1. Modelled label-to-label distance, Ala22 and Asp284, 7 Å Cα→beta-carbon offset: nm?
2. Specify which residue in the list Tyr196, Ile136, Asn66 is farthest towards the positive end of the charge dipole of the chain, using unit charges on the beta carbon of Lys, Arg (+1) and Asp, Glu (-1), about the Cα centre.
3. Give me, ordered by chain and number, the residues 5 or more places off Leu286 or on other chains with an amide H under 5 Å from its own placed amide H.
4. What does the charge count near Asp375 come to, summing +1 for each Lys or Arg and -1 for each Asp or Glu among other residues with Cβ under 11 Å from its Cβ?
5. Go ahead and estimate [θ] at 222 nm for the chain from helices alone: -39,500 (n - 2.57) per DSSP H run with n ≥ 4, summed, over the residue count, rounded to 500.
6. How are the C-alpha pair distances of the chain spread across 10 Å bins, as whole percents from the shortest bin up?
7. What dipole magnitude, in Debye to the nearest 20, does the chain give about its Cα centre under +1 on Lys/Arg Cβ and -1 on Asp/Glu Cβ?
8. So for each of 89-101, 136-148, 371-383, 257-269 I average, over its residues, the number of other beta carbons within 10 Å; can you give me the resulting order with the highest mean first?
Amino acid sequence: MNLPRLLAAVLAATATLAAQPAPLPVVTQLLTDRSGYELLGRLCDDFGGRLTGSPASRAAMDALVNELRALGLKPERQHFTMPGWVRGDDEVTLLAPLPTPRRLRVAALSYTQPHAPFEADVVDIGQGRDEDFAKIEVRGKIGLLAANTTVPRGLYEKAAVERGMRGVLFINREAGGQLLARTGAFSGEPLKIPVYSLAQEEGKWIGRLLARGQNVRLRMHTRSHCAQIETENLIVRFPGRTAEKIVIGAHFDSWDLGQGAMDNGIGLAQLFALAKYLAANPADRLRPIELIWYNGEEQGLWGSRHAAAVARKEPIAAMVNLDMVGYPLSVNACGDERLVPLLTRFAATMPVERLREGVKNVAWLASDHTPYQLDGVNVFTFGAYIDREVNRYYHDVADTFDKSDPKLIAESSATIGAFTLFLADASDLTATRRTPAEIAAVVKTHGLAPRLTAMGLWPLPPVPTP
Ligand SMILES: [Zn+2]
């Protein structure tokens, strides 16, 4: 670079620096706070994964309550019942063509029911589309489902049941023996046939045998079972001058295979850091702030569905969902163009490096903002970065605290804290809910209907007449 150009670059950089907003006190404080990270370490290691309804989940929730009380807060338990599921010692064993049986590396999807052990042949059902099924005889067999299937969950199980199949094994998209715990049905209805996640390497092995025309035979025995459970969300409230509240939510529950350190230990920790900040910094804010740790998210958004239903008549100015928010890159209007100017105003209060990608407007589904969004509430999420070497362990045995990053939790909590305070006092925000027609327009524009329908959340139930 020649001297004039270098000088120009330096001047431009200086101008950018000069234009940066001054750091907000909430950002400065949360950047140096390790309490969210440290709490997460205790919850992960003392209790393990927090599958809703499990003894580990209850004990971890009690521990969180105690930690919040130690901050001088009064956490409230919001009890509800939901379809629960208890993992048992499930077995899927490869019999033929091996000389000796081999127990496969599997994890049942939630709501898979117990059944007597049975043996059946395996057939490759590709991606589980109609055209895949059309080519083969599948009745009485176990289907091997490709990792890259685009058929929504629920639909491939339904297709398999209609064709008289006995079970489905879906190959994991991540390699290295990883498994993918996930729900089998957002409806909470027991699955009609067992559905399992299968380690990629074993799935490919079976696929190669089938491609060579070998007879592959398995034994399946599911001991996991469904059970109605009582559980709770946890709420901490901070006062404001109006009734219109700001809800900041994160799911507390996780899958049971690992520790739920990332999904959603990150959100659990961010919410705790925020609670600590708000407790230590009482202020005369326009709107009350409500922090909610939800349960039952993984199995079907049960906690947020309950909390949104309870709050249906209450004025909610905004709901912010914190589900695996890594280093924040953008703040997201979730499909409502009218919310973009507000977010643009917020982004202008942040130095560029705190929100590099600024404002986005992308609707996405299947986390705790969805029930609120379908109730017409203004919902926001963050676009964020989590290292690939951490992110890859999503829902796996290896989602454990050793991968947690104190810097990520502090950096994200700082931006989330700033956004929370911004929303609490923003003048151009109202708790007016979108009408059913406006909700339908967002669903249509962003092509959400097929997935919402598969989840049993679309079309919306008719509004009850008073
Ligand atoms: Zn999650």
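1. 2.1
2. Value computed over the given set: Ile136.
3. The list, which skips near neighbours in sequence, is Arg241.
4. The answer is +4.
5. Calculated from helices alone, the mean residue ellipticity at 222 nm is -10000 deg cm²/dmol.
6. 4, 19, 28, 24, 15, 7, 3, 0
7. 580
8. 257-269, 371-383, 136-148, 89-101
Each reported figure results from applying straightforward, stated rules to the coordinates on display, with no laboratory input. Owing to the predicted nature of the structure, the values given are computational and were not obtained by experimental measurement. Don't worry about glycine lacking a Cβ; one is built from the backbone with ideal geometry, like all the others, and counts go over all protein chains shown.
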